[in-house]
Structure formats: C-alpha cells, structure tokens
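Presented below is the structure to which this report refers.
The values are calculated or read from the model by the stated rules, or taken from the named source; none is laboratory data. Everything numeric here is computed off the predicted structure, so don't read it as measured data. FYI the Cβ positions are ideal-geometry reconstructions off the backbone, even for glycines, and counts take in every protein chain you see. The area values use the complete protein model at the heavy-atom level, side chains included, leaving out ligands, DNA and RNA. Shrake-Rupley method; radii C 1.70, N 1.55, O 1.52, S 1.80 Å.
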Amino acid sequence: MSDLLIEDVLSGNPLAVSRSLTEVENDTAHGRQLLDQLFPHTGKAHLIGITGAPGTGKSTLVNALVRHFRRPPEGSPGRRIGVIAVDPSSPFSGGAVLGDRIRMQDLAGDPDVFIRSTASRGALGGISSTTSGMVEVLDAAGYELVIVETVGAGQAEVEIARLAHTAVVIEAPGLGDDIQTIKAGILEIADLLVVNKADRPDAHRAVRTLQNMLELPGTSARDRLHHGPGAVLPEEEQQPQGQLPRWEIPVLTTVATTGEGVAELAARIDAHREHLQQTGGWKRKEQDRIKSELDALLQRRLVDRWKSSPQSENYQLVLDQLVNRQISPQRAVDWLVKGKES
Ligand SMILES: Nc1nc2c(ncn2[C@@H]2O[C@H](COP(=O)(O)OP(=O)(O)OP(=O)(O)O)[C@@H](O)[C@H]2O)c(=O)[nH]1
Ligand SMILES: [Mg+2]
C-alpha cells in the first residue's frame, strides 16, 4: 500500500482516515502495516474515555461536548476532535447503534470532527487492541482530542477507559443509592464523575451518593481524593512539601440534552490534562498505555502461534482429563505447551 495514503492520513484527509480505521478495525495485514508507519506520529492527542451504564446519556453528552469544543472562545482556534463510539454487542442496547448515528449526525458536516462507531467483538482483549489502534490512527491524523465512548459493562470496556488520559464516568439519577458503577468497578477509574440527566428531580441524591462513595475508605478514588470534593484546604495541606498536587475528583452535573453544565465539564477535562502535564502523570499514563498494548499484542501473538502448533490439537483431550481430575492444571499446561512426555 502506498506512501500516499500515509501522507493523506497524516494530513487528516477524512477519506484516508476512514479507510485506515476500517483496515485497523478488521485487523488486516494492511492495517497492521499502517499502524507501523503511523505510530511515530502518535502521542499528541488528549485521550478522553467516557464510560457509564447503558442509557445514562453518554452519546448525547459526547455530542454536546464536541459542539462545545468546536465553539471556542473568541480568538482561540477550535480543536480537531475524533470520536470512537464502541457499540455494545449486548441485546439490551442493540438500538443504540442507530441512536448514536442520529444523535451525532448534526456534527457530520464539520470537517474537523470525525465520528466512528465500532462494534465490540465480545472477545476479551479484542476490543481493547483494535480500539487502541483506531485511537492511534486519529492521533496520527492530528485530532487533538480523541473521545472514546464505551459502556461500562465489562472488564474490557473498563480497560479502555483506564487507558485514556482522562476517564469520565457518567451516572444518571434514578438508580437510587444502588449506583450501578460500583458493580462494574468503574468508579475506581474515574478522574471525573458526572451525574447526567440533572433535570430529573432525584439528581441531587445521585450526586450525594457519589460524593459519599468517594469518601469511603479503601477505594482508590478515596486514595486519590483524600478530602471531600469542594473542600477548601489550607495552602500547605493542599501541597505538602515535596509532594505534587493531588487531583480532586469532581462530581459534576449535566443535562446533555440542553447543554447545561457542559462548559464546566469541558473546563474540568482541560484542567485534568494540565494537571497530568504538571505532575508527570501524562508521561506515566503514556507508558502504562504503551506497556498494556505491548502485553496484549504479545499475548495474542503467542496464543496464535500456539494455536498453529501440533500440541493445540490435544486441547479437548487435555481439558477432558483435567475436568475428570486425571491430571492437574499444571500438568495440563505442560502437556499443551511442551507435549505429553514433558
Ligand atoms: N432527561 C434527560 N434525558 C437525557 C439526557 N441526556 C440523554 N438523555 C436521553 O437518554 C436517552 C439515552 O441517551 P444516550 O445518549 O443514547 O445514552 P448512552 O449512554 O449513549 O446509551 P448507550 O450507548 O446505549 O449506553 C436518550 O433518549 C436521550 O435523549 C439528559 O440530560 N436529560
Ligand atoms: Mg451511546
């Protein structure tokens, strides 16, 4: 495949970007080759993960955020924004695919906004590695903000949000005290918490529940928070000697359908980027992300290699023996990797 396409991707040509995303999404040989060539040009974009339970208003909020970022204050240039919406394969949210398209349609005419839906594959690791590849394409193509929307339903989706520089967890009122994010464990990864649908009467309760949860001992949110949101601290406590300032996880409210609270959310997202850059967190997150991508690719490559080895044919036999307790798990793995007589 031609160098021309690489040049076109790097200059942000929407057609070239779109074609590259398709190659990467399908994990073709050409897609892998593209990623090889694009990788040196990545590392510039601010990656924002938006996650939360189905139907909390993530897509509507992403839409509102993109509009906000595209209407910058007088005198400053608007930022180029890429969005990847990872559609859940779960039948409960099956209708969301069409919904996302419709809601995001009004941004379609803007050449500096690129929106792509991708199907989640259900295979563990599958979503994460193709999604990070797709993020790399948008990053190399010069999109300064790359937003990834995932449903906080499973480990893989949580992983995607964790890999973003800024993880935004969306909640909606109506769940009472039984906030769904606890179950999925996604609260722990939040850099920002948002109660969307704040036009609903019980929104304040959701806010209070989240604030209380941030105070709970033993959660990583608490470790990072230390003091309740909005607490005014004496100067030296805010920044103990030799220690970097702590990020206080805010609990924000939005009404995605009207845009209320969206400017504040956008400002906090920018503030989080500045915080990361000032404290070295940006670099650390980059390293984590690259390491995690390497590990995932390594695992996949090794498993693929094993699958084409003669030993892999024994899998069912070994599994049967293992289930019948005729061999131990350790012996089973030895057999599958090295052969029976090992
Ligand atoms: N009242 C109210 N409704 C909202 C608000 N934000 C979104 N909605 C509605 O909530 C529904 C779900 O919104 P989506 O944006 O599709 O939610 P989502 O989280 O992306 O959904 P999935 O992708 O299926 O998980 C839609 O009918 C929206 O119009 C809000 O702030 N207030
Ligand atoms: Mg959605």
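Please count how many residues of segment 132-151 are within 16 Å of ligand 2 (Cβ to nearest atom) and open to solvent by 10 Å² or more (accessible area, probe 1.4 Å). Final tally of qualifying residues: 3.
In segment 9-25, the residues that are assigned to a loop (DSSP other than H, G, I, E, B) reach residues that are modelled with pLDDT of 95 or more with C-beta atoms within less than 6 angstrom, at least six apart or across chains, in these pairs: GLY12/ALA141; GLY12/GLY142. Condition first: open to solvent by 30 Å² or more (accessible area, probe 1.4 Å), at pLDDT below 65, of a type outside the set (A, V, I, L, M) and part of a loop (DSSP other than H, G, I, E, B). Can you find one or more residues in segment 91-106 that meet it? Yes, segment 91-106 contains at least one residue that is open to solvent by 30 Å² or more (accessible area, probe 1.4 Å), at pLDDT below 65, of a type outside the set (A, V, I, L, M) and part of a loop (DSSP other than H, G, I, E, B).
Restricting attention to segment 26-60, the residues being more than 30 Å from HIS272 (Cβ to Cβ) and either touching a Phe, Trp or Tyr at 6+ places or on another chain (Cβ under 6 Å) or not in a helix (DSSP H, G or I) (or both) number 3. Pairs linking a residue in segment 52-77 that is closer than 11 Å to ALA256 by Cβ to a residue that is open to solvent by 80 Å² or more (accessible area, probe 1.4 Å) and of a type outside the set (Val, Ile, Thr), with Cβ atoms under 8 Å and 6 or more positions apart or on different chains, are SER59/ARG103; THR60/ARG103; ASN63/ARG103; ASN63/ASP106. Between ALA267, ALA231, ALA263, the distinction of being out of contact with any strand residue (DSSP E or B) (no Cβ under 9 Å at 6 or more places or on another chain), modelled with pLDDT under 90 and either away from ligand 2 (no atom under 16 Å from the Cβ) or part of a loop (DSSP other than H, G, I, E, B) (or both) belongs to ALA231 only.
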